[in-house]
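Shown next, in structure tokens, is the structure this report addresses.
Values quoted throughout were computed directly from the atomic coordinates according to the rules given, and no laboratory measurement underlies them. Keep in mind the model is a prediction, meaning the values are calculated, not measured. As a convention, Cβ positions derive from the backbone with ideal geometry for all residues, glycine included, and neighbour counts pool all protein chains shown.
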Amino acid sequence: MSPRRELRLAVLLCLVGSALVLYATTRTWAVLEPTRLGSVAVDLSGDTLSGASQALGYVGLAAVLALAATKRLGRVVVGVLVLAAGIGIVIALSRVLHAGLASRALEHVSTPACTPAPGESSCGQYVLLPPVSTTVTWVWVSLVGGVLMSASGLLVAVRGPRWAALSSSYAPPAARPAEPPVTDKGVWDALDRGEDPT
């Protein structure tokens, strides 16, 4: 595969991976159902249940721009950061799946203050927890995004130093090579070669 295609593949993997993570973490992962008359359902999105995933998704999004702007060693650093962000997303989401999405959602339940019944010294030992409905699909979508980011970071870290950088026209004026001054002879020579000097 040519270096240009490798660069495009790395950028595409990073962009799609971070977009999947960022989109999926804004979706509802769990709903705390109402427990009594007058209470309302509470939607919990992925950024609430796994905030680290969304933050690391932004790292991947920023890396897309950095891949085009950096050269050899800078690309390796960007690749390692994207790889670490992708692995961080996979670890964070694996913990969510291991703990159980419903139990992670119940951690966000605020229990009301206890008021003992008349003649009782305590409220009892049981607390009524709301029923939870979960959607694991978005967790898996985020997990796929984290894996794509990891693959992109690994590709950039290993192969990135061989890829071409942006042309000097994108560099700041101070970093561009000095151009020779324009003379009448240079203009006529350009016209003789068939080039438009304007």
Discussion item. So if I take the alpha carbon set of region 5-83, get Rg, then get Rh from the Kirkwood formula, what is the Rg over Rh ratio?
Written reply: 1.23
Response to the item:
With 0.36 nm assigned to each residue of separation and the Cα-Cα distance removed, Ser2 to Tyr23 gains 4.4 nm
Item to complete: Arrange the following residues from fewest to most other Cβ atoms within 10 Å of their Cβ: Arg5, Arg95.
Response: Arg5, Arg95
Worksheet item: Of Thr28, Ser18, Ala55, which is farthest along the charge dipole of region 1-79 in the positive direction, counting Lys and Arg as +1 and Asp and Glu as -1 at C-beta?
Response: Ser18
